[in-house]
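J.: Pasting a structure below so you can have a look.
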Amino acid sequence: MAAHEALLPLSKLKYSTIKEISDSGVVLSSLPSCYACRDPDINGSTEILEEEVPIIDFSLLVGGTAKQRAQVIQDLGKACRDWGFFMVVNHDVPMRLMETMLDACKGFFNMREEEKQEYNGKHVLDPIRHGTSFNTSVEKFRYWRDYLKVFVHPHFHSPAKPSGFREISLQYVTRTREMAKELLKAIWESLELKPYDMEETLDLNSCFQILIVNLYPPCPEPELALGIPPHSDHGLLTILLENGVNGLKVEHNGKWVHVKPLPNSMVVNLQISCSDLSCPVFMCYHALVHHVL
């Protein structure tokens, strides 16, 4: 049965999500062909550069001396210019809240498929959208990923289940939004711009904040699959909370670098602004291509 499942093309695969495959009890000896999107002979090796993703001490940015803050702003500008990615340590998001948020996300994906199907949105602007892969309507191959996307600002949304998800996610996105504002302010200052112009220029009060949760169950042939294909994000900032799997890779100087977050840290990357490429942040700094294995 395992071999039979592995040979099924996308149109014949009876499971609609990766979680369904994982929970089905079917032990796959090889990857279903619709998920085999990589050539291991070409993409199997990832060169790890000696450079590490820059580290930004958030506590010095918001609570340090003027000299310490100025140094962090300088370091942050360099990280945005050279990498487009950086790791934030000593931030204001409590570790307990981070752990509880991860547990709540796990609780959502552990619900029955029929419960999650209520949120199988069809449009990218649906306030709550559950799905799989990247864009199954146009993809030749699927990616080894299920997701939940929730719009949380300017209007807060949340799935009704599991119990407590709404309250926990509200706390989490509120804290990360405040952290994002402080980081954006520092990035703005690194360009020697006036801080009081930032919120109006970037339209922070009305811009979207989206909570995106990605699930990557164990894969029988990870060398053939991708969780998310190489891409750059759209918007302002992405703040990433990982659960210890460490599957993120970023492109730096033409090579892939495996990102290994420090304990209790968050990884942040610049995005590409869809609406205003004339914004000074996006004229001077760049978003980095990245993917998930």
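The values are calculated or read from the model by the stated rules, or taken from the named source; none is laboratory data. As the structure is a computational prediction, the values presented were derived from the model and not from experiment. Cβ atoms come from the backbone with ideal geometry, glycine included; neighbour counts cover every protein chain shown. Areas reflect the complete protein model, heavy atoms only, side chains present, ligands, DNA and RNA absent. Shrake-Rupley method; radii C 1.70, N 1.55, O 1.52, S 1.80 Å.
J.: Looking at region 207-239, which of its residues are closer than 30 Å to residue 69 by Cβ and either open to solvent by less than 60 Å² (accessible area, probe 1.4 Å) or touching a His at 6+ places or on another chain (Cβ under 7 Å) (or both)?
T.: Once the filter is applied, which keeps residues that are closer than 30 Å to residue 69 by Cβ and either open to solvent by less than 60 Å² (accessible area, probe 1.4 Å) or touching a His at 6+ places or on another chain (Cβ under 7 Å) (or both), region 207-239 yields 207, 208, 209, 211, 232, 233, 235, 236, 237, 238, 239.
J.: For residue 164, all conditions in the list (1) surrounded by 15 or more Cβ atoms within 10 Å (Cβ to Cβ); (2) modelled with pLDDT of 95 or more hold save one; what is the number of the exception?
T.: (1)
J.: Would you mind telling me which numbered condition in (1) open to solvent by 20 Å² or more (accessible area, probe 1.4 Å); (2) modelled with pLDDT under 95; (3) of a type in the set (A, V, I, L, M) residue 79 fails?
T.: Failing condition for residue 79: (1).
J.: State all residues of region 167-194 that are surrounded by fewer than 17 Cβ atoms within 10 Å (Cβ to Cβ) and among the acidic types (Asp, Glu); if no residue qualifies, say none.
T.: Within region 167-194, 167, 178, 182, 192 meet the criteria.
J.: Residues in region 121-141 that are open to solvent by 60 Å² or more (accessible area, probe 1.4 Å) and not aromatic (Phe, Trp, Tyr): how many?
T.: Looking only at that region, the number is 9.
J.: May I pose another question? So which pairs qualify, if the first residue must be in region 54-76 and touching a residue at least 24 places away in the same chain (Cβ under 8 Å) and open to solvent by less than 50 Å² (accessible area, probe 1.4 Å), the second must be assigned to a helix (DSSP H, G or I) and among the β-branched types (Val, Ile, Thr), the Cβ gap must be under 7 Å, and the two must be at least 6 apart or on different chains?
T.: 56/72; 57/72; 61/72; 76/187
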